[in-house]
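Participant: My questions all concern the structure below.
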Amino acid sequence: VQQWAVSFGKEIAALSAKYSGAKLLQKKYKDIEGAVKIEEVDGEELVKKFAEEMEEMLGRKMKSVKKLAEAAEDADLVHEYNETLQFDYFNSLLINTVDEDGNPIPLGGEFPLERNEHFNKLPVNTQQSNIQVPTNVYNQPDILNGVYMSEALNDIFVDNFQKDPTLTWQYFGSSTGFFRLYPIQWTPDENGVVTFDCRNRNYIQAATSPKDVIIVVDVSGSMKGLRLTIAKHTINTILDTLGENDFVNIIAYSDYVRYVEPCFKGILVQADLDNREHFKLLIDELHVRGEGKVKNAMKESFKILNEVQGQGSLCNQAIMLITDGAMEDFQDVFQEFNWPDRRVRVFTYLIGREMTFAENVKWIACNNKYYTHVSTLADVQENVMEYLHVLSRPMVINHDHDIIWTEAYMDSVLFNTQAQSLLMMTSVAMPVFSKKEETLSHGILLGVVGTDVALRELMRLAPRYKVS
Ligand SMILES: *[C@@H]1O[C@H](CO)[C@@H](O)[C@H](O)[C@H]1NC(C)=O
């Protein structure tokens, strides 16, 4: 009876958090009144207490993240860029790997790893952090300098973990593409190729304020073949930089303007995971035909953005124009909708090698500054990252260190076994800026520091356990 009462009691507490007081349920208790002690629980009070405890717990995490941000900025300030830097860091793919003669290999290093309950039962070493680098940016001077500079974070990771043992993974995701993760763990990799790029992870949201983005893609006949492939990849990469604080829509144009999702006509939708995935499916089906009439597509985009001004995410509005050139001159659209204030930033991704009708697009470069040329698939990531830098600039210049809670996600890259990947996580993250004098005026985003919080951890504080 006792056992049963306890479990029933838990149910009651959960319900009483919903309905103030447990009166409703008291009737059901009649039979066992002697065995069970019934106490009225004030639901509002319970929820308030839960909120306070959560706030306190999250407050501790934010404090740790702030320390990481400060340390990274200080380390960058004193670091002098060295083009020829040689530096052996510990690569998470190579940890504890030996060559044929049994000697540790470069970037390997020997670390005793212990299976740790706290880190999803993965074998870890809590003395240090190690580095994940996507193969395409391996060992470039930018990476080496960044890795070298961010060594300073090791002590902070360890210190944070000592002060708050509830902390799990702590990280620095560099805008150059490497990822420093504490504690050390070994990342098995079946293909020998690391496609994982930390800049794709949703915490890149931390680097920009909420934004309204309209992606405008040219699907006229000239965009066939590789151009369309690059365009699709560009759209997907842009979508990956958006999160649930952002709003988005995608317009395709040829002879006429078409919303890729007709139900989203004339509006912006939240860029949450569902909508992003939905857009990706639709993008996959795009095909080309006809002539590219960019003017109407731009008009439509400006109209939507003008309409939502005053609601939604105000701070940052952008149009991403993806095309291989425009047959018509569309300056007057800008004149009508965006000048002189230039509230909407227009980023142009000019696709393809040879530029036939590029002139009509290139003037954007003079007038709006944001213009990149994408001729191969490999260019896409770098080019898309560029827009984040531009949008984060106001934050950078004001040194606006907003703490961001990312949407809950399941990390299938970091934790590749299924049981581990079932853990829902959220990330507390914060942008890191260069404090060097020469960069202050235009602002440089170094990356993002943060820590993952398992939702399980938050649920532990939920009031259903608070039963006396
Ligand atoms: C740059 O790095 C190389 C290799 O680590 C080192 O020999 C050289 O002294 C460094 N240059 C400066 C200016 O620190």
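The values are calculated or read from the model by the stated rules, or taken from the named source; none is laboratory data. Note that the structure is a prediction, hence the values are computed from the model and not measured. We place every Cβ from the backbone using ideal geometry, glycine too, and count neighbours over all the protein chains shown.
Participant: Test S64 against the criterion of being of a type in the set (G, A, S) and under 18 Å from Q185 (Cα atoms), and give yes or no.
Facilitator: Numbers: of a type in the set (G, A, S): yes; under 18 Å from Q185 (Cα atoms): no.
Taking the combined requirement at face value, the residue does not satisfy it.
Participant: If L282 satisfies all but one of (1) out of contact with any Phe, Trp or Tyr (no Cβ under 9 Å at 6 or more places or on another chain); (2) surrounded by 23 or more Cβ atoms within 10 Å (Cβ to Cβ), what's the number of the condition it fails?
Facilitator: L282 satisfies every listed condition except (2).
Participant: Another question about this same structure. Being among the aromatic types (F, W, Y), closer than 16 Å to M320 by Cα and in contact (Cβ under 8 Å) with a residue 24 or more places away in the chain is the filter here, so list the residues in the stretch 252-272 that pass it.
Facilitator: Y253
Participant: If I filter the stretch 107-124 for residues that are surrounded by 14 or more Cβ atoms within 10 Å (Cβ to Cβ), within 16 Å of the ligand (Cβ to nearest atom), over 27 Å from K63 (Cα atoms) and of a type outside the set (K, R), do I get at least one hit?
Facilitator: yes
Participant: Is it the case, given these coordinates, that I250 is under 27 Å from the mean Cα position of the chain (by Cα), modelled with pLDDT of 95 or more and either closer than 30 Å to S427 by Cβ or outside any strand (DSSP E or B) (or both)? Talk me through it step by step, then tell me what you get.
Facilitator: Working: under 27 Å from the mean Cα position of the chain (by Cα): yes; modelled with pLDDT of 95 or more: yes; either closer than 30 Å to S427 by Cβ or outside any strand (DSSP E or B) (or both): yes.
Yes: the conditions hold for I250.
Participant: Let me ask another. Go through the stretch 114-134 residue by residue and tally those that are in contact with an Asp or Glu (Cβ under 8 Å, 6 or more places away or on another chain) and modelled with pLDDT under 85.
Facilitator: 2
Participant: Which residues, taken from the stretch 54-100, are modelled with pLDDT under 90, within 21 Å of P183 (Cβ to Cβ) and within 16 Å of the ligand (Cβ to nearest atom)?
Facilitator: F87, D88, Y89
Participant: I need a count of the residues in the stretch 285-302 that are of a type in the set (D, E) and either touching a Ser or Thr at 6+ places or on another chain (Cβ under 6 Å) or exposed (fewer than 15 other Cβ atoms within 10 Å of the Cβ) (or both).
Facilitator: Selection size over the stretch 285-302: 2.
Participant: Pairs needed: first member in the stretch 81-110, under 19 Å from M149 (Cα atoms); second member anywhere, more than 16 Å from the ligand (Cβ to nearest atom) and among the small types (G, A, S); C-beta distance under 6 Å; at least 6 residues apart or different chains.
Facilitator: Pairs found: F90/G109.
Participant: Still on this model: Among the numbered criteria (1) under 24 Å from the mean Cα position of the chain (by Cα); (2) of a type in the set (A, V, I, L, M, F, W, C); (3) at positive phi, which single criterion is violated by M149?
Facilitator: If we test M149 against (1) under 24 Å from the mean Cα position of the chain (by Cα); (2) of a type in the set (A, V, I, L, M, F, W, C); (3) at positive phi, just (3) comes out false.
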